[in-house]
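Engineer: The structure under discussion is supplied below as structure tokens; questions concerning it will follow.
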């Protein structure tokens, strides 16, 4: 009978130690998850910024090309002048 009581108490103490250890591990993992979540949000924000910058650069290049084409077209002689001569 004393042996059963000792085994039961020993089991309870072991379970208590394991529960405490697991609670510490859970707290650590929660902290890690918060850090990972924060980093993920930062990476997503950076990706959005890069996407916006690329779109802005693309528009700028298109406007530059369009402007250069207009400048080039202005330098070309018009077809009317040749027909009138």
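Read-outs: derived from the displayed coordinates by stated rules, not from any lab. Owing to the predicted nature of the structure, the values given are computational and were not obtained by experimental measurement.
Engineer: Can you pull a Stokes-Einstein diffusion coefficient for the chain at 20 °C (1.002 mPa s), Rh from Kirkwood over Cα pairs, as a whole number of µm²/s?
Structural biologist: On the way: Rh = 20.4 Å.
Roughly 105 µm²/s, to the nearest whole number.
Engineer: Moving on. Full extension from residue 49 to residue 15: what is 0.36 nm times the residue separation minus their Cα-Cα distance, to one decimal in nm?
Structural biologist: Working: separation 34, 0.36 × 34 = 12.24 nm, distance 5.02 nm.
7.2 nm is the gain from fully extending residue 49 to residue 15.
Engineer: By how many nm would the segment from residue 65 to residue 30 lengthen if fully extended, with 0.36 nm per residue of separation less the alpha-carbon distance?
Structural biologist: Values: separation 35, 0.36 × 35 = 12.60 nm, distance 5.21 nm.
Stretched fully, the residue 65-residue 30 segment lengthens by 7.4 nm.
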